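Only the coordinates and a few stated rules stand behind these numbers; no lab work does. Note that the structure is a prediction, hence the values are computed from the model and not measured. Here the Cβ positions follow ideal geometry from the backbone for every residue, glycine too, while neighbour counts run over all protein chains shown.
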Amino acid sequence: MKWVLLASVAATLAAADSPRLFYSKSFPGSVPPYVEINLDRAGAVEYREAADDEMPVKFRLTETQVEEIFALAEKLGYFKQPLEAPVKVAFMGAKTFRWENGAERNEVKFNYSQEPSAQALLDWFERMAESAQREIDLERTVKYDKLGVVRSLLLLQAAMDKKRIVGAEQYLPFLDRIIKNESYMHTAQERAAEIVEAIRATKP
């Protein structure tokens, strides 16, 4: 038992010291007005809509996706240089990229960047945020609004068709619940089955 506890503590400490990426966007008046995402080197994602949220949406990225994302951070010098473009543009939200690796911690803030790697990294985080928001919406309708399930599924399918979804396996518990429960509309069950098939067909 003692060795199990020590192993657990060691694993926790190792995870805490492993490289992590942080992203946040504050945009008052938008929905939601604030988001933040933590991504570790193992691919674990935590999405929050409040900095003090103790129940974040959690899902995982594939190893290939994580490699691409961390490679972009490396191209950006792990955020040691400014990213703000020297042009006047409309306010699109105060964004933060942060790199954490043990005692090392670099952070850069910007509204708009013309740097291609920064734009690509921002798109990855926006896709993670959209994926989490689709889960929040689907979970809410599955639990509290059965008539709204079809709409949630349509929005999820549309996002998948546009390649905006990552970590799609996060939806499977809710989709399986719809498929197996006859209290949901037949249309919802059929659409949920289609989405499940699409997710499992693309599973590595």
Trypsin sites (Lys or Arg not before Pro) in the range 128-204 lying in a DSSP loop, each with at most 12 other Cβ atoms within 10 Å of its Cβ, come to K162, K163
What pairs in K25/K203; K80/K162; K95/K163; K25/K180; K143/K203 have C-alpha atoms more than 28 Å from each other? K25/K203; K80/K162; K25/K180
Set Lys and Arg Cβ to +1 and Asp and Glu Cβ to -1, take the dipole of the chain about its Cα centre, and tell me which of A51, L76, G148 lies farthest positive. G148
What does the charge add up to near I179, with Lys and Arg as +1, Asp and Glu as -1, over the other residues with Cβ less than 12 Å from its Cβ? -2
How far apart, in nm, are two points set 7 Å out from the Cα along the Cα-to-Cβ line at A51 and at K162? 3.0
Quick one: grab Rg to one decimal and Dmax as a whole number for the range 75-152, Cα atoms only, in Å. 17.3, 50
Anything in the chain that counts as a DSSP H helix reaching 20 Å or more along its axis (C-alpha) with Kyte-Doolittle mean of at least 0.0? List them, would you? 2-17
Scaled by the rule-of-thumb 2.2 N^0.38 Å, the alpha carbon Rg for the range 102-204 gives a ratio of 1.32
Treating only the Cβ of Lys, Arg, Asp and Glu as charged (+1, +1, -1, -1), what charge dipole size does the range 125-204 show about its Cα centre? Round to the nearest 20 debye. 80
Just how far, in whole angstrom, is the range 28-61 from the range 107-130 if you go by their alpha carbon centroids? 15
Once S26 and T202 are pulled to full extension, the length gained, defined as 0.36 nm per residue separation minus their Cα-Cα distance, is 60.1 nm
Can you show me the helix-derived [θ] at 222 nm for the chain, built from DSSP H runs with n ≥ 4 at -39,500 (n - 2.57) apiece and divided by the number of residues, rounded to the nearest 500. -15500 deg cm²/dmol
Normalised per residue, the volume of the convex hull around the Cα set of the range 17-201 (Å³): 130
Per-selection metrics, the range 140-179 (Cα): Rg and Dmax in Å: 10.3, 28
Along the Cα→Cβ direction, 7 angstrom out, place labels at Q119 and M92. What is the inter-label distance in nm? 0.8
